[in-house]
Every structure is written in C-alpha cells, then in structure tokens.
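Participant: Please see the structure below; I have some questions.
The values are calculated or read from the model by the stated rules, or taken from the named source; none is laboratory data. Note that this is a predicted model, so its numbers are computed, not measured. Quick reminder, even Gly has a Cβ in these numbers, built from the backbone with ideal geometry, and neighbours come from all protein chains shown. To get the accessible areas, we keep the full protein, side chains included, count just its heavy atoms, and leave off ligands, DNA and RNA. Shrake-Rupley method; radii C 1.70, N 1.55, O 1.52, S 1.80 Å.
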Amino acid sequence: MLAISPAGGGSALAANGLSATIRRTSHGIPHILANDFAGVGLGYGYAFAQDNICVIADQYVTVNAQRSRFFGPNASWTFGGNGSVNNNLNSDFFFQQIIDSHVVEGLVSKPPPDGPVQGAKDLVRGYVAGYNLFLADTGVANLTDPACKGAPWVRPITEMDAYLRFYELALLASSGVAIDGIGSAQPPPGPHSAVGPATTITPAQAGQLQTAFDTMHEIGSNAYGLGGNATDNGRGMVLGNPHFPWEGSERLYQAQLTIPGQFNVEGASLFGVPLVLIGHTDHLAWSHTVSTAYRFTPIELTLLPGSPTTYLYDGAQRAMTSRTMTVMVKQADGSLAPQSRTLWTTQYGPIFTSILGLPLFPWTPVTAFAMRDANAMNFRYINHFFETDQAQTVGRLYEIQKTLVGIPWVNTIAADENGDAYYGDVSNIPNVSNAKVAACNTPPGIATFAALGLPVLDGSKSSCEWDIDADSPQPGTFGPSHLPHLFRNDYVTNSNDSYWLSNPQAPLTGFARIIGDEATARSLRTRLGLIQVQQRLAGTDGRPGNRFTTQQLMDTVFGDRQYAGELSRDALVTMCTGLPGGLAPTTGGAPIDVSGACPVLAAWDLHDNLDSSGALLFRRFYEHVKATVPSPAPNPTIWSTPFNAADPVNTPRDLNTTNPLMKLALGDAVKDLTTAGDPLNAGLLGHQYKVKNGEKIPIHGGPGTDGVFNAINTSWSAAAGGYPDVPHGSSFVMVAHFNGTPCPDVHTIVTYSQSTDKTSPYYADQTRMFSNKQWVTEPYCESAIAADPNLTVKAISVTSPPDALPNTSGPQWWPLVLVGGLALVALGVRRRRNRT
C-alpha cells in the first residue's frame, strides 16, 4: 500500500514569506521556479491571474453564491465542463447550501489521505497569495481585460475560495449536472394528499437523458499511451488530446512547476487549480479522458402519506433536514435585497428535481428523489494529482490510484521512460453491482438503466445502500479490485467509450454496468483512434516504418480523417448518381437537384482539412442522417452491416442506402448549402472558424460523432453558411516522447491560446498556429528555457501572508480583504528580444 506523507514532501511556509521566479517563454508559457511548494503556488497564482483573471474571478463569484448579487437572479451561466445551463438564483442557493454546510472546511481539515497533504495546502496558500499579489500590484481599475476592468466582483480571494472551486470541479459530473434541480427543489404545494401517481420515466424520456449525457461526453478527449513496442526508440510516448470548452472556466492552462531537485512537472490545469492535471515529469507522461462511469445515483424516496418531507427507511420514518439560506439579489433598480429559500436534504444527499435541464425527477406527494454523490466527500483527488506530479513510472501512478481512488470523473492513460503503457478507470465510482441494480432498481430506473446504465435505487431499504469494498478508502465506492486497469507494452487508448476496448487484444470485461458497457458498438471516434494505431503498427498507413515517431504521432492527431466518410462515401456516391433525374427529396419541401453533389462527393479526400473540397457537403449530409434516423422509424439503421462483437473495431459499417431517409438527408444537405450561398465543393476554409478580436481564424477538424479524431464540435449556422465561432474541441494537445534523458521530447499546442484577455499577446497566437497545424516545442529543461528567444524573467515575493481568511459570503457581502501585506519586494525583468 502506498504511503502518503502528511508533509507531502513539501516544506512549510517560510517564516519570512514567499518568493518565486516566473520565467515566460514563447507564447506566454510560465515556468515557475521556487524553493518550496508555497513559492510555486505564488508564482503560478500570479502568472495565471495575469492571463485569466476575469474568467476565474467570475467563477469565484459563482462558488460564493453571489451571481444574483452582481448579475441578477434571472440570468444564467454555463458550466462548460458538463454543458449545463444554470439559473443564477438556483445556482446561488445550490452553492450557499454547500457553504452553510461547511462541508469544504471539513474536507480541508481532515488528515491525509482524505484531506490535502501539507504540500498541497502550501500550493493553495501560495496560489491565493500570488493571485492577490497580482491584484494588489495592478489594481482592479487598471486591469487590461475589458471583461472585468473596474468590476466590483473582482476582489482578493481566500483559501476557502480556492477550495470551493476545487469542490465545484469535483462535482462536475455528479451534483454539477443538477445544480438547477437541487437549488430549486421545493415540496409539492397545497394540501398534502396521501396518494398520487407513481413517477415513471419513459424510454423516450430516458433517450433524452441519454442524449444530454452524450452531449456532455462530447466534451471529452482522446489519449494514447504507447509502449516500447509501438515507438521507434522503444520508450514510452503519450498523446493527450482533451476536447474541452474554448470559452469559460473549464479551459486548460499550461505551466511548468519546479522546485530544483524535488519537483518538476509541466502540463495543463483547469482554471483555478495550481497542479498539473495532464502533463509529464522527467520520465512519466499521462492524460485523461472523460469516463463513462456514473459518479452518482438518484435515490427514490417513498414519502410518508401526508408529509412530503418525511420518508420511509426500513419501515421507520425519517425527517428530511431543512436548511434556509439567504442570498443577496440585485433588483430591477440596481439595489440589493435579501432572498431566502429552504432546501431539503436526506441521509443520501440533497433533494433534486432535474438533471441537465430535464425535469424527470418530480417531487410529488408520494415520491421524491435524492442525489447521492460519490464525490461529495472527495478531496483525495487533490492528493492524487499532487502525488502524480511527482511520479516517474506507470507502476507508481497505479499505486497512487489504488491507494487514493480519488480521481473524480476521468480515465487515465499513461506511458513512461521504460516503455510501459497504462490505462485505468481506477476512480471514485458508486459501489453498485449489477446484482444490486437487479434487486433495487425502481420503475423510473428501468428506462434509465436500459438506456444509460444509470439506476435509480430504492431509498426505502437499507439493503439498497451502496455496497462497501474492503479495499476502498471511501465507504460506498468501488475498491481498486473491482475497477478496470491494463498494463501493456504496445498501446492503450481511450476516446470516451468505456474501458472495454482500451486495447482490443486484451478486452477488459466483468465490471459493473455503472462503470461502463461491454461488447457494444464503439463510437466512430473510438474506432478511428484504434484503427490509426493498428495501421501504424502494421505499416499500412502510408508512412515509413511500423512504429510511431514523434512527428508521426503529431501528424496522426491532426490528420483530420473523416471516418464516417470513409465508411459511407462510396455508397453515398452510388446512391446519388442513381437518383432519377438527379432529384432527392427534402424535408417539408419539393425535391432538389443533387446531381452536382455526386462528383463533389466522389472527389472529396475524406478529410476535414481546411482545403478538403466537399467536406462541408458531407458534414451536412451526415448531420441530417444523425438527426433523421430515429430508432422507431422503419428501416432505421444507418449501417447495413451491423455491429459484431467479434469485430468491434470495424463494425457497424456500409451505409444503408435502402433507407429512404438517406436520400432525404442528401437533399437537405444540398439545400442547406445552396440556401446559404455556399458552393457544393466548399471546404472548411472560410466556413469553420474562431473569431478572435474580429479575426476569423480558420479551424480544421470536425465532429467527434462523425469519427473525426481531431474533434471540433460546433453547430451549423444557416446565416453564416458554416460553423462559426468554435465552442469546444481539441484544447491542450500534447505529444510527449521519452528519449533516455530527463529532457523528454514534448510538443504542445493550446488551441485557444493561453490568455482570455483580449488585449494580451497570448490571446490568439497559438490559435493561429493550430490553424496551420503548427506545434510549440516545449522548453522543459533549464537549458531550453534559457535559450528561448522570447524569455522574460520576473521575481516576486510577499511577506508573511495572513492565515486563510474565512469564507464570508452571504447577505452581508464580504468584508474588504486587506492586501497591504502583499508587498512586491523584487521585480526583475530580463528581455531577450521582443515578446511575442
């Protein structure tokens, strides 16, 4: 069993304060150098605030339950990591309940491993000091980003603010999908009858919920862990290709954190987290993909007749716990007024009524639903990343995972210097076996479990509680012996499908359905990800050799193959050329001449490159196919060769052109382009782009649901005649290849660039590089950092920052936080050529 040191290998805060050196290399990438973890946090917090203070300050407003105060109760915000849209007032009551419960303070105060190790606490304290130092040094009125310059909601932060943000991220795939449904849940009005209709969820409603979760998983990732048998030098290589939002606080920020001789890691973090979440050390690299496992279960409560706040448990009555919260709300005239609401919780968790905007869990006189969340008591994930940032082998990584089982909602894919590759979903998952579901699933859960693998458990029986594994650090979650993992010396992959085909030569089977499905069709993106590796190792991809070089892996991730097109284009062309008179039907209208589409599709290069003529036409066709081929329809399938579990990488396939909806989809695609004034042979150039300061930067890639590995997920605009202003997709992309030295060969790109500040030189520079399929060669070792032509150096320090300030959010607002102690002692700037 891995031992977690209470000190975490870090030093306590120095008595004379904190100091750090911020070295920025080309494209504004900060390399933080300090003597202890608190100093590393100081430098990270300062650099990060320089680049992104407006976005993260907005999130500190959110987690402090003050959106209604500053932005009004009727507005909403989007939790980019899961796509949920949340009303401000409901969100405020959701977070105020967390604040008033003091759950976060309780987690922080726990001894490791349940609470943060000292080194992680030092990082957080330093981060807060660095953030506040930047704010004191600059002043809110002098911020360069117009999004929050002079805004009253930008303020110094406390350590509790930072931990509240950590907690928000822990809940992203669990309670975070029900912020509206928890923050607004109220007992049924009027007289409380003793009877009422039972709650049911129909298969169609479960399908809506499945679509909502599928949309959430589109904000996913690809990752390869390549072992020594798959690389040209016999050493490990990792591709990290998360597909996360291009706007908002769930962006990724690249940095290097260094304590000489003790701690050295580089990679990317979600906003507000001073640890590397995806990246590499000297000898280990790793990435993450959003897991299919559920981190929560709805619990159906049987209510006491006549009392909708009392439920039954093994025949005994249990009263819900009420908590009345008050938040300050901005009025129409700009004044503030307090508003209160009472929310209710149970032994399982809070009452909720909706998930991802779908009101499928009503609170009636006879039933209510509680959210039981495995991550509601999980700060072990902080220690997981703190320890991983110091790991050097996949074996050590697995020991960390087995001990902490703290990862909240992702798979891990890794490889090391020794040529070992690793996949694992050794993460925090409710311990709900298939047998438990069979015994305890309720009528609403029948449809949701069939469609999604999400049960709705019976809360009236103690026998339906989550089970307990002896090797789990958290009661009610699976221990590592019941979680999938795999070591290989060739490769492992994941593209947001379940663990089953991490490597088709060694399928992972026998795990609970709540973790993922087995022997079912994989997504087109998963299949292409596997095919690309298989073709490379077979030497059949048209490139030299039969193992990956660094450049070949870089070329693979941005190859922009359109796998749906590869599977269907030839049959589509045959269908097109066989249409009588060249006419195809259109939805709700007269047939349209599609004869001009046939040669365009025949000549298309089956890619989503900017210059791929016909790519726009095929995408519109396939998007209409996905939208117009519902399963209840006659002859419903897209593919004529069905899924075969014995050939899961290559099935289903072959476009089912006997389905009349295929002709309809082709007609609608041609109509889309002609109506928008686009030529049928249009590529993506000029039609798919990201707007940065008025500049339309062309973006290659395409939808992951179309089987495009370089997933760029966006929506058609008839007015724009294309796909404007990409919202999410490939984000921080990393190829890390070990070479027998402590200086691995690493190439990265932050597709949306490092800074959200429109006035920053780092606001659009890497986006232009991504447009051209260019990469940043990462400076990691000291010699490379020193040699960077755009290096700047800034030394910062603070004297004795105060202890953590209490969270004081609530109706009286926060008191003015004193920043007089945050004095800038040393400022050294060294410029080597002009900054880019």
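Participant: Would you check which residues across segment 752-791 are outside any loop (DSSP other than H, G, I, E, B) and of a type in the set (Phe, Trp, Tyr) and list them? Explain how you work it out, then say what you get.
Facilitator: Initially, segment 752-791 is screened for residues outside any loop (DSSP other than H, G, I, E, B), giving 765-771, 776-777, 782-787.
If the condition is that a residue be outside any loop (DSSP other than H, G, I, E, B) and of a type in the set (Phe, Trp, Tyr), then Phe770 is the only one that fits.
Participant: Please determine, by comparing only the residues of segment 688-705 that are within 21 Å of Gly565 (Cα to Cα) and out of contact with any strand residue (DSSP E or B) (no Cβ under 6 Å at 6 or more places or on another chain), which one is least open to solvent (accessible area, probe 1.4 Å).
Facilitator: By that ranking, first place goes to His700.
Participant: Looking at (1) among the small types (Gly, Ala, Ser); (2) without any contact (Cβ under 8 Å) to a residue 24 or more places away in the chain; (3) open to solvent by 30 Å² or more (accessible area, probe 1.4 Å); (4) under 20 Å from Ala645 (Cβ atoms), can you tell me which one Gly542 breaks?
Facilitator: Going through the list (1) among the small types (Gly, Ala, Ser); (2) without any contact (Cβ under 8 Å) to a residue 24 or more places away in the chain; (3) open to solvent by 30 Å² or more (accessible area, probe 1.4 Å); (4) under 20 Å from Ala645 (Cβ atoms), Gly542 breaks only (4).
Participant: List the residue pairs whose Cβ atoms are under 6 Å apart, where the first residue sits in segment 550-577 and is at pLDDT 95 or above, the second is open to solvent by 30 Å² or more (accessible area, probe 1.4 Å) and assigned to a helix (DSSP H, G or I), and the two are 6 or more positions apart or on different chains.
Facilitator: Hits for this filter: Val573/Ala602.
Participant: Follow-up question, since we're still on this one. Given the conditions (1) more than 29 Å from the chain's Cα centre (by Cα); (2) at pLDDT 95 or above; (3) of a type in the set (A, V, I, L, M, F, W, C), which single one is not true for Phe621?
Facilitator: (1)
Participant: Pro585 passes all but one of (1) in a helix (DSSP H, G or I); (2) over 27 Å from Asn609 (Cβ atoms); which number fails?
Facilitator: Result: Pro585 fails condition (1) only.
Participant: Considering only residues that are farther than 27 Å from Tyr294 by Cβ and open to solvent by 10 Å² or more (accessible area, probe 1.4 Å), which ones fall in segment 159-186? Let's see the steps before the verdict.
Facilitator: Restricting attention to segment 159-186, the residues satisfying the condition of being farther than 27 Å from Tyr294 by Cβ are 159-162.
Glu159, Met160, listed by residue number.
Participant: Still on this structure: Going by what's in this entry, would Asp373 be described as in contact (Cβ under 8 Å) with a residue 40 or more places away in the chain and either under 25 Å from Val103 (Cα atoms) or out of contact with any helix residue (DSSP H, G or I) (no Cβ under 9 Å at 6 or more places or on another chain) (or both)?
Facilitator: Taking the combined requirement at face value, the residue satisfies it.
Participant: Enumerate the pairs (first residue in segment 316-331 and within 14 Å of Asn90 (Cα to Cα) and open to solvent by less than 50 Å² (accessible area, probe 1.4 Å); second residue anywhere and among the charged types (D, E, K, R) and assigned to a strand (DSSP E or B)) with beta-carbon separation below 7 Å, excluding pairs fewer than 6 apart on the same chain, so at least 6 apart or on different chains.
Facilitator: That search, which allows pairs on different chains as well, returns Met325/Arg341.
Participant: Within segment 81-110, how many residues are part of a loop (DSSP other than H, G, I, E, B) and within 23 Å of Val128 (Cβ to Cβ)? So that I can check it myself, show each step before the final result.
Facilitator: Restricting attention to segment 81-110, the residues satisfying the condition of being part of a loop (DSSP other than H, G, I, E, B) are 81-83, 102, 110.
From the residues that got through so far, the ones that are within 23 Å of Val128 (Cβ to Cβ) too are 81, 102, 110.
Within segment 81-110, residues that are part of a loop (DSSP other than H, G, I, E, B) and within 23 Å of Val128 (Cβ to Cβ) number 3.
Participant: Next up: For segment 332-340, state whether one or more residues are among the hydrophobic types (A, V, I, L, M, F, W, C), closer than 26 Å to Val103 by Cα and either in contact with a Phe, Trp or Tyr (Cβ under 9 Å, 6 or more places away or on another chain) or surrounded by 15 or more Cβ atoms within 10 Å (Cβ to Cβ) (or both). Even if it seems obvious, please write down each step before you answer.
Facilitator: Step one: of segment 332-340, the residues among the hydrophobic types (A, V, I, L, M, F, W, C) are 332, 336-337.
Now narrow it down to the ones that are closer than 26 Å to Val103 by Cα: none.
No, segment 332-340 contains no residue that is among the hydrophobic types (A, V, I, L, M, F, W, C), closer than 26 Å to Val103 by Cα and either in contact with a Phe, Trp or Tyr (Cβ under 9 Å, 6 or more places away or on another chain) or surrounded by 15 or more Cβ atoms within 10 Å (Cβ to Cβ) (or both).
Participant: Counting only residues that are free of Cβ contacts under 8 Å to residues at least 40 places away in the same chain, give me the strands (runs of 3 or more DSSP E) lying completely in segment 592-692 with at least 1 of them.
Facilitator: Numbers: elements: 639-641, 653-655, 689-692.
Fully inside segment 592-692 and qualifying: 639-641, 689-692.
Participant: Follow-up question, since we're still on this one. Mind listing just one residue for me: the one in segment 258-305 that is part of a loop (DSSP other than H, G, I, E, B) and polar (S, T, N, Q) and, of those, nearest to Gly28 (Cα to Cα)? Talk me through it step by step, then tell me what you get.
Facilitator: Going through segment 258-305, the residues part of a loop (DSSP other than H, G, I, E, B) turn out to be 260-262, 271-277, 281-283, 291-295, 305.
Restricting the remaining residues to those that are polar (S, T, N, Q) gives 262, 281, 291-292.
On the way: Gln262: 25, Thr281: 20, Ser291: 31, Thr292: 35 Å.
The selected residue is Thr281.
Participant: Test Pro408 against the stated conditions and say whether it is in a loop (DSSP other than H, G, I, E, B), open to solvent by less than 20 Å² (accessible area, probe 1.4 Å) and not β-branched (Val, Ile, Thr). Give the derivation first.
Facilitator: Details: in a loop (DSSP other than H, G, I, E, B): yes; open to solvent by less than 20 Å² (accessible area, probe 1.4 Å): yes; not β-branched (Val, Ile, Thr): yes.
It is true that Pro408 is in a loop (DSSP other than H, G, I, E, B), open to solvent by less than 20 Å² (accessible area, probe 1.4 Å) and not β-branched (Val, Ile, Thr).
Participant: Looking at segment 244-257, which of its residues are in contact with an Asp or Glu (Cβ under 8 Å, 6 or more places away or on another chain) and assigned to a strand (DSSP E or B)?
Facilitator: So the first thing to find is which residues in segment 244-257 are in contact with an Asp or Glu (Cβ under 8 Å, 6 or more places away or on another chain), and the list is 244, 249, 253-257.
Hits for segment 244-257 are Phe244, Tyr253, Gln254, Ala255, Gln256, Leu257.
Participant: I would also like to ask the following. Can you tell me which residues in segment 568-587 are closer than 25 Å to Gly542 by Cα and open to solvent by 30 Å² or more (accessible area, probe 1.4 Å)?
Facilitator: Scanning segment 568-587 gives Arg569, Asp570, Ala571.
Participant: Restricting to segment 438-451, name every residue that is aliphatic (A, V, I, L, M) and open to solvent by less than 10 Å² (accessible area, probe 1.4 Å). Don't jump to the end; show me each part of the working.
Facilitator: Of all residues in segment 438-451, those aliphatic (A, V, I, L, M) come to 438-439, 446-447, 450-451.
Result: no residue meets the conditions.
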